[in-house]
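Student: Right, I'll just put the structure down here and ask away after.
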Amino acid sequence: MPPDRAADAAMYRYALGEDAAFGEVYDALAGRLYGYLLRRCGDRALAEDLVQQTFLRIHCNRGHFHEGAELLPWAYSIAHRLLIDAWRRAGRTLPTANDSAHEPCAEEVLAARAVALRFEAELRRMPESQRCAFELLKLEGLSLREAADSLGITVTAVKLRAHRAYAALRHALGDVADLGAS
């Protein structure tokens, strides 16, 4: 079973009351969440605190996790909202790429270009309906309702098409892409 699917299954068991499954959930997520939060905020203490808050929210809301749901996007969404809340409480906004003191080295630039080329190639390969849903949501920044209205379909259909696009991109790009986390 792929690692993310195993984590989904462990979370479902945890949601059903199998407390021992929490260890699997924690092991699957903690490092990834910490890395994500640290990259976004640049503050180790804040990132560690937000990881713990994320797991607290997961614990408190575990009864809402259902079979077949995906743990990783849910966890990233919780972590991202907590980060935004933390920055707002501090009277700050999330840093942008321009705020970073880190200048990428040549290897990082080349790696990013390679990922971008793979991303574009995968977008071109996917069915137009999925590509359009993804582009409207992620590239154009439309809400689900706005995308549905634009495409003349239901919100549920947009979600389904976008989910299939995310899955295809994740499969093609592996762990280098954080597509639906935020």
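Student: Please state which one of H59, H80 is within 22 Å of Y166 (Cβ to Cβ), assigned to a helix (DSSP H, G or I) and modelled with pLDDT of 85 or more.
Tutor: Just one listed residue meets the conditions, H80.
Student: Considering only the stretch 116-152, how many residues are within 19 Å of G174 (Cα to Cα) and in a helix (DSSP H, G or I)?
Tutor: 14
Student: Among the residues of the stretch 7-33, what is the count of those that are surrounded by fewer than 14 Cβ atoms within 10 Å (Cβ to Cβ), part of a helix (DSSP H, G or I) and not charged (D, E, K, R)?
Tutor: Looking only at that region, the number is 3.
Student: Pull up the stretch 83-106, narrow it to residues that are at pLDDT below 75 and part of a helix (DSSP H, G or I), then point me to the one that is surrounded by the most Cβ atoms within 10 Å (Cβ to Cβ).
Tutor: Going through the qualifying residues, I end up with D99.
Student: Something else about it: Under 6 Å between Cβ atoms, which residue pairs at least 6 apart in sequence (or on different chains) link something in the stretch 140-162 that is within 12 Å of S129 (Cα to Cα) with a partner that is β-branched (V, I, T) and surrounded by 16 or more Cβ atoms within 10 Å (Cβ to Cβ)?
Tutor: If the second residue must be β-branched (V, I, T) and surrounded by 16 or more Cβ atoms within 10 Å (Cβ to Cβ), the pairs left are A147/V158; A148/V158.
The values are calculated or read from the model by the stated rules, or taken from the named source; none is laboratory data. What you see is a predicted model; the values in this text were computed from it and never measured. Counting neighbours? That spans all protein chains shown, and the Cβs are built from the backbone with ideal geometry, glycine included.
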